[in-house]
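These notes concern the structure reproduced below.
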Amino acid sequence: MKAWLSQHIRTLGATLAKLARAPVSTLLNVGAVGVALALPVGLYVGLASLQHLAGGLRVEPQVSLFLARDAGRGDVAQIDSRLKQHPGVRGFRHVSRERALEEIKTRSGLADVVESLGHNPLPDAFIVDASDAAPQNLEALRAEFLRWPKVAHVQLDSAWARRLDAVLRLGRLAVLTLGTLLAFALVAITFNTIRLQIMTQRDEIEVVKLIGATDPFVRRPFLYYGATLGLAGGVAAWLIVAAGICVFNDGLQELSGLYGMRFELRSMSVGDSFSLLAFSAWLGWFGAWLSVSRHLSDFEPR
Amino acid sequence: MISFSQVHKRYPGGFEALRNVSLGIADGEMVVVTGHSGAGKTTLLKLMAAIERPSSGSVVVNGQNIGALRPRAIPFLRRNFGLIFQDHKLLFDRTVLENVLLPLNIIGYRRGEAARRVRAALDKVGLLPKEKAYPITLSGGEQQRLASARAIVHRPSILLADEPTGNLDAAYAGEIAELFRSFNQVGVTVVIATHDEQLATRLNPRLVALKSGELIEAVPGAGA
Ligand SMILES: Nc1ncnc2c1ncn2[C@@H]1O[C@H](COP(=O)(O)OP(=O)(O)O)[C@@H](O)[C@H]1O
Ligand SMILES: [Mg+2]
């Protein structure tokens with residue numbers, strides 16, 4: 001067990017020494033892997049930030065009913081009871097015209113304007129959560145509610161949120177596709193790097209196999225090299241993305257400020273960062289494993 | 001214990017390097033395989049260490065049939081051997097010390113114990129002062145001794161040496177022969193392939209002669 005551990009530590013040390021011995025090619029390899037990973041990761045960060053923006057808004061399927069201004073308490077009570085019995089309604093909330101006015105006064109800073117109107121221009125409203133979020137169902141509900149007495153206007157709040165959701169879903173697909181392609185590129189880079197190493201170390205591999213090295217022993221340094229290359233590439237990608245977030249956020253702040261909103265790229269969470277590093281190390285290991293498995297069979301005894 | 005029974009070895013291309021070889025080598029024996037170049041000496045040693053497999057017949061080493069050995073088992077079989085190759089197979093990008101350390105790393109020795117054994121092996125072949133040198137800076141004889149040190153460092157039970165005195169002048173050849181004898185004296189089975197008549201007579205071993213892949217005589221020697 002101790003011997004086993006010390007073999008691994010020795011291999012790790014030798015791997016780092018090997019990387020340090022050829023700083024230029026190490027730097028280029030790590031850079032190539034880093035750039036390849038930074039593309040999908042950067043896109044992912046942008047997407048996650050958009051999603052966060054969208055998450056602040058309600059994505060639940062909501063229908064707002066606005067009553068006619070001449071609707072009285074009786075009409076309100078009638079609609080209340082109709083909604084209670086409706087099977088397509090999961091829940092609802094009544095916002096009285098008085099409450100709505102209070103909210104506008106306190107929230108929007110338009111108190112003076114409202115005050116100056118002298119009367120309450122707002123209707124009674126019901127905010128309804130539909131039990132089925134399918135668009136055709138929401139449309140059907142809208143049509144039905146419009147036929148009820150004293151209902152002046154029905155609005156589907158979810159339409160734009162659903163559109164954003166569709167865009168985000170498309171974005172996720174793009175991240176996945178790009179990620180898969182560039183993960184393949186990373187595997188290809190390590191595969192080829194390891195292939196070259198095996199070629200230059202033919203003599204050594206032949207000798208150690210002749211004097212009793214097992215296949216795992218022969219593979220180990222190459223697998224370590226691949227995993228280390230992948231991990232270093234992951235770190236490079238993380239740094240590239242972090243730098244990108246910094247640079248973009250300056251510009252984004254200005255741009256989103258012009259639209260009166262606040263949008264910024266969120267830096268990667270600890271969990272996401274860890275996943276990136278673990279995945280890139282695994283990809284490097286996998287590329288090395290493929291390469292070693294493919295090329296070590298040349299050394300088998302006949 | 002090494003035993004060959006009716007072994008044929010045909011190389012790809014159809015050349016028959018060994019023909020109907022039957023041979024037994026007991027534990028602790030010292031055997032010298034003689035024969036002209038191309039007689040099949042190297043092939044005989046390669047079959048023992050599972051570097052080649054017999055085309056027919058059986059080769060059994062320590063109770064294990066080489067022809068039927070699973071690939072996973074081969075490394076562990078080879079650790080019973082100390083191998084001195086005809087072309088030495090030294091690693092030229094590693095120091096003398098690192099070359100000798102290699103078998104111990106493979107087996108998984110701890111650093112301290114490994115260093116101690118490496119020094120002992122280098123001392124035995126007289127290369128201790130050159131432990132930090134690279135093999136390219138060594139003379140042919142020194143390279144030969146380095147190959148010997150690497151072969152014995154893990155204290156194998158069987159030593160296989162292919163033309164171990166090939167490049168050595170008489171004095172060094174004598175030293176190497178003494179080295180083999182000292183190993184044999186502590187119980188190591190020693191098999192040497194050589195066309196060097198002097199080495200054969202110096203050690204006074206059991207002689208096995210090959211000619212065109214066939215065993216032509218097996219003379220029981222006085223041994224050590
Ligand atoms: N890998 C190989 N492929 C084909 N022929 C070989 C191979 N190795 C050896 N031979 C042939 O087998 C014969 C015996 O070779 P070898 O065992 O090396 O003889 P020795 O060691 O006695 O000089 C030689 O004729 C050689 O050309
Ligand atoms: Mg030979």
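With farther than 23 Å from B:Gly166 by Cα, within 16 Å of ligand 2 (Cβ to nearest atom), surrounded by 15 or more Cβ atoms within 10 Å (Cβ to Cβ) and of a type outside the set (Gly, Ala, Ser) as the only criterion, which of B:Val21, B:Val33 stands out?
Just one listed residue meets the conditions, B:Val21.
Can you name every residue in the stretch A:77-96 that is crowded, with 17+ Cβ neighbours inside 10 Å and in a helix (DSSP H, G or I)?
Listed by number, the residues that qualify are A:Ile79, A:Leu83.
Note down all Cβ pairs under 6 Å where the first residue falls in the stretch B:182-202 and is within 14 Å of another protein chain (Cβ to nearest Cβ), the second is within 16 Å of ligand 2 (Cβ to nearest atom) and in a loop (DSSP other than H, G, I, E, B), and they're at least six residues apart or on different chains.
Within 6 Å, no pair qualifies.
Can you confirm whether B:Asp87 is under 27 Å from B:Ala177 (Cβ atoms) and either hydroxyl-bearing (Ser, Thr, Tyr) or exposed (fewer than 15 other Cβ atoms within 10 Å of the Cβ) (or both)? Can you show your working first?
Numbers: under 27 Å from B:Ala177 (Cβ atoms): yes; either hydroxyl-bearing (Ser, Thr, Tyr) or exposed (fewer than 15 other Cβ atoms within 10 Å of the Cβ) (or both): yes.
So B:Asp87 passes the test.
Restricting the search to the stretch B:47-83, which residues are part of a helix (DSSP H, G or I), surrounded by 14 or more Cβ atoms within 10 Å (Cβ to Cβ) and within 9 Å of chain A (Cβ to nearest Cβ)?
Matches in the stretch B:47-83: B:Ile74, B:Pro75, B:Leu77, B:Arg78.
Consider B:Gly14 carefully, then state whether it is more than 16 Å from ligand 2 (Cβ to nearest atom), assigned to a loop (DSSP other than H, G, I, E, B), closer than 17 Å to B:Ser212 by Cα and more than 13 Å from chain A (Cβ to nearest Cβ).
Numbers: more than 16 Å from ligand 2 (Cβ to nearest atom): yes; assigned to a loop (DSSP other than H, G, I, E, B): yes; closer than 17 Å to B:Ser212 by Cα: yes; more than 13 Å from chain A (Cβ to nearest Cβ): yes.
It is true that B:Gly14 is more than 16 Å from ligand 2 (Cβ to nearest atom), assigned to a loop (DSSP other than H, G, I, E, B), closer than 17 Å to B:Ser212 by Cα and more than 13 Å from chain A (Cβ to nearest Cβ).
Would you confirm, using the coordinates I've provided, whether B:Glu175 is within 24 Å of B:Ala133 (Cβ to Cβ) and away from ligand 2 (no atom under 16 Å from the Cβ)?
Numbers: within 24 Å of B:Ala133 (Cβ to Cβ): yes; away from ligand 2 (no atom under 16 Å from the Cβ): yes.
Yes: the conditions hold for B:Glu175.
Table: residues versus (1) within 16 Å of ligand 1 (Cβ to nearest atom); (2) of a type in the set (Gly, Ala, Ser); (3) more than 24 Å from B:Gly187 (Cβ to Cβ).
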position	(1), (2), (3)
B:Val21	yes, no, yes
B:Asp27	no, no, no
B:Gly40	yes, yes, yes
B:Leu47	yes, no, no
B:Val61	no, no, no
B:Ala68	no, yes, yes
B:Leu83	yes, no, no
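Could you tell me which of the residues B:Ala149, B:Ala193, B:Ala121 is at negative phi, small (Gly, Ala, Ser), surrounded by 22 or more Cβ atoms within 10 Å (Cβ to Cβ) and within 16 Å of ligand 2 (Cβ to nearest atom)? Please lay out each step first, then the result.
Values: B:Ala149 fails: within 16 Å of ligand 2 (Cβ to nearest atom); B:Ala121 fails: within 16 Å of ligand 2 (Cβ to nearest atom).
Unique residue meeting the criteria: B:Ala193.
Name the pairs: first residue in the stretch A:1-13 and more than 11 Å from every other protein chain (Cβ to nearest Cβ), second residue modelled with pLDDT of 80 or more, Cβ to Cβ under 7 Å, at least 6 apart or on different chains?
Cβ pairs passing all conditions: A:Leu12/A:Tyr224.
What helices (runs of 4 or more DSSP H) lie completely within the stretch A:191-302 and have 2 or more residues being among the polar types (S, T, N, Q)? I'd like the intermediate steps shown before the answer.
Details: elements: A:202-210, A:215-258, A:270-296.
Qualifying helices (runs of 4 or more DSSP H): A:215-258, A:270-296.
Mind listing whichever residues of the stretch B:29-38 are away from ligand 1 (no atom under 12 Å from the Cβ) and either among the β-branched types (Val, Ile, Thr) or free of Cβ contacts under 8 Å to residues at least 24 places away in the same chain (or both)?
Taking the stretch B:29-38 as the starting set, the residues that turn out to be away from ligand 1 (no atom under 12 Å from the Cβ) are B:29-32.
Passing the criteria: B:Val31, B:Val32.
If you go through the stretch B:167-179 one residue at a time, do you hit one that is surrounded by 19 or more Cβ atoms within 10 Å (Cβ to Cβ), in contact (Cβ under 8 Å) with a residue 24 or more places away in the chain and under 16 Å from B:Leu207 (Cβ atoms)?
Scanning the stretch B:167-179, I find at least one residue that is surrounded by 19 or more Cβ atoms within 10 Å (Cβ to Cβ), in contact (Cβ under 8 Å) with a residue 24 or more places away in the chain and under 16 Å from B:Leu207 (Cβ atoms), so the answer is yes.
The values are calculated or read from the model by the stated rules, or taken from the named source; none is laboratory data. Keep in mind it's a predicted model, so treat the numbers as computed, not measured. Note that we place each Cβ from the backbone using ideal geometry, even for glycine, and neighbour counts take in every protein chain shown.
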